[in-house]
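For reference, the structure discussed in these notes is given below.
The values are calculated or read from the model by the stated rules, or taken from the named source; none is laboratory data. What you are looking at is a predicted structure, and each value in this text was computed from that prediction instead of being measured. Using ideal geometry, Cβ is built from the backbone for each residue, glycine included, and neighbour counts are taken over all protein chains shown. These area figures cover heavy atoms from the full protein model, side chains too; ligands, DNA and RNA do not enter into them. Shrake-Rupley method; radii C 1.70, N 1.55, O 1.52, S 1.80 Å.
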Amino acid sequence: MKKIVLAFILILLSGFTACSPLPGKAGVSLFAMDTYMQLDIYGSQADSDAAEAELQRLDKLLSSTNPESDISRINQSGSAKVDADTYELLRRSVELCKITDGSLDITVYPIVKKWGFISREYSVPSQAELAALLKNVGYNQVKLKDGTVTVPKGFELDLGAVAKGYAADMLKKLLVEREVHSAVLNLGGTVLAHGEKPDGSKWKVGVTDPENTERYMGVLECRDTIVVTSGDYERFFIGDDGKTYCHIIDPKSGYPAANGIASVTVISPDGTQNDALTTALFVMGLDRAGEFIKSRGGFDCIILTKDKKAYITKGIEDSFIIKNEEYEKLIIDG
Ligand code: ADP
Ligand code: MG
């Protein structure tokens, strides 16, 4: 009899664990990769600590401004043996530069610096200055061999356009390994919506309104995906000529992209690709971006223009809810 009672209690207990109460929430705010981040994890404090440590580890490897990072070591001496993660991200980045025909170019750093986007001492360079610096830009000059990265003299790398997307991919892996089923990690414009909410409903990810960055232009309902936005409002300055210059550079001209696009959001489970494409589509402009989206596929996309048009791919037509009715909704038909 005792045995039966014990077995019954055990069954009850195991039954209890199987549909256990919702997991606890562990959250942390931090500064990494030049931006504020907020991690909300339905798991333990140890899960949250591990995610934070992973972000700081990647930041140390990939930052162009930390003189000890892998990227800085390449930039300082032209060649360096790098960590496996740095190597893998560089390999993928070069591939994405190719796919986007150089609209993404991880060697654009000398130009980014010239405009003052790193020092924050902004100024408009002359055509001649830009032409001289453009000689030191070209992703196809980046050589990757056996864990060593080499660039020609005068070239410098910048993974600012892809690092947060890669970090989202790595954090996804970490959460899966730790058996965390529910988390939303906001890495500053890059959101990992992992699994779904503990109650089984979808995550709601806000897309910033470029006209008023305190508000959301719309909300995307999603699960198990990565949502990346690049906007001209993230970093910009107004030149002596009264014009606004943003931090996304057209690597062919050396000038900041100024084509009527205000922000690009790319949605798919591939964070590195999404981050690369937000920058690249921004540079391409509406027409070329439209062609690229239709011909390539494999991701969803929201492009907001300065004249308040919202171009949205069919895949998210129903799950992206526009909050600012001033925007005209247009469907990108793939
Ligand atoms: P954010 O980092 O603000 O989310 P992006 O992902 O678009 O925005 O990355 C922009 C950063 O990438 C810039 O700050 C600059 O360092 C770098 N960058 C700018 N233009 C390009 C480009 N065409 N290709 C690659 N990197 C770029
Ligand atoms: Mg990007």
message = Going through Asp158, Asp146, Asp101 one at a time, which residue ends up being within 13 Å of ligand 1 (Cβ to nearest atom), open to solvent by 40 Å² or more (accessible area, probe 1.4 Å) and among the acidic types (Asp, Glu)?
response = Asp101
query = All but one of (1) in contact with a Lys or Arg (Cβ under 9 Å, 6 or more places away or on another chain); (2) open to solvent by 40 Å² or more (accessible area, probe 1.4 Å); (3) of a type in the set (Val, Ile, Thr) hold for Ile118; which doesn't?
reply = (1)
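Name the single residue that is farthest from Ile302 (Cα to Cα) among those in region 187-206 being more than 15 Å from ligand 2 (Cβ to nearest atom) and crowded, with 20+ Cβ neighbours inside 10 Å.
Here is the first cut: in region 187-206, the ones more than 15 Å from ligand 2 (Cβ to nearest atom) are 193-206.
Okay, now just the ones that are also crowded, with 20+ Cβ neighbours inside 10 Å, so 193-194, 203, 205.
Numbers: Ala193: 17, His194: 20, Trp203: 17, Val205: 13 Å.
Among them, the one singled out is His194.
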inquiry  = I'm checking my understanding of the structure. Among residues of region 213-250 that are free of Cβ contacts under 8 Å to residues at least 24 places away in the same chain and in a strand (DSSP E or B), which one is farthest from Thr190 (Cα to Cα)?
reply    = Ile238
ask   = Say we look at region 75-87 and pick out the residues that are in contact (Cβ under 8 Å) with a residue 60 or more places away in the chain and closer than 25 Å to Met37 by Cβ; which of these is surrounded by the most Cβ atoms within 10 Å (Cβ to Cβ)?
value = Thr86
request  = Mind counting the residues in region 44-68 that are away from ligand 2 (no atom under 16 Å from the Cβ), in contact with an Asp or Glu (Cβ under 8 Å, 6 or more places away or on another chain) and not in a helix (DSSP H, G or I)?
outcome  = 2
key: Matching entry among Ser64, Ser48, Ser103, Ser72 (being touching a Leu at 6+ places or on another chain (Cβ under 8 Å) and without any contact (Cβ under 8 Å) to a residue 24 or more places away in the chain)   = Ser48
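Considering every residue within region 312-328, establish whether at least one is among the hydroxyl-bearing types (Ser, Thr, Tyr), near ligand 1 (Cβ under 10 Å from one of its atoms), open to solvent by 10 Å² or more (accessible area, probe 1.4 Å) and in contact with an Asp or Glu (Cβ under 9 Å, 6 or more places away or on another chain).
no
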request  = Take the residues in region 247-293 that are of a type in the set (Gly, Ala, Ser) and open to solvent by 10 Å² or more (accessible area, probe 1.4 Å), then tell me which one is nearest to ligand 1 (Cβ to nearest atom).
outcome  = Ala257
request  = Would you check if Arg178 is within 16 Å of ligand 2 (Cβ to nearest atom), modelled with pLDDT of 95 or more and surrounded by fewer than 19 Cβ atoms within 10 Å (Cβ to Cβ)?
outcome  = no
note = Every listed condition ((1) closer than 17 Å to Met33 by Cα; (2) buried (at least 24 other Cβ atoms within 10 Å of the Cβ); (3) among the hydrophobic types (A, V, I, L, M, F, W, C)) holds for Met170 save (2)
request  = Scan region 196-212 for residues that are assigned to a strand (DSSP E or B) and free of Cβ contacts under 8 Å to residues at least 12 places away in the same chain and jot them down.
outcome  = Asn212
Pairs, first within 24 Å of Leu61 (Cα to Cα) in region 21-35, second among the aliphatic types (A, V, I, L, M) and modelled with pLDDT of 90 or more, C-beta under 6 Å, six or more apart = Val28/Leu39; Leu30/Met37; Ala32/Leu55; Met33/Ala163
task = Could you look through region 141-164, keep only residues that are basic (Lys, Arg) and touching a residue at least 24 places away in the same chain (Cβ under 8 Å), and pick out the one that is nearest to ligand 2 (Cβ to nearest atom)?
result = Lys164
key: Criterion (closer than 24 Å to Gly102 by Cβ, charged (D, E, K, R) and open to solvent by 10 Å² or more (accessible area, probe 1.4 Å)) met by exactly one of Asp232, Asp224   = Asp232
request  = Residues being within 26 Å of Phe292 (Cβ to Cβ) and of a type in the set (A, V, I, L, M, F, W, C): count how many of those fall in region 102-139.
outcome  = 10
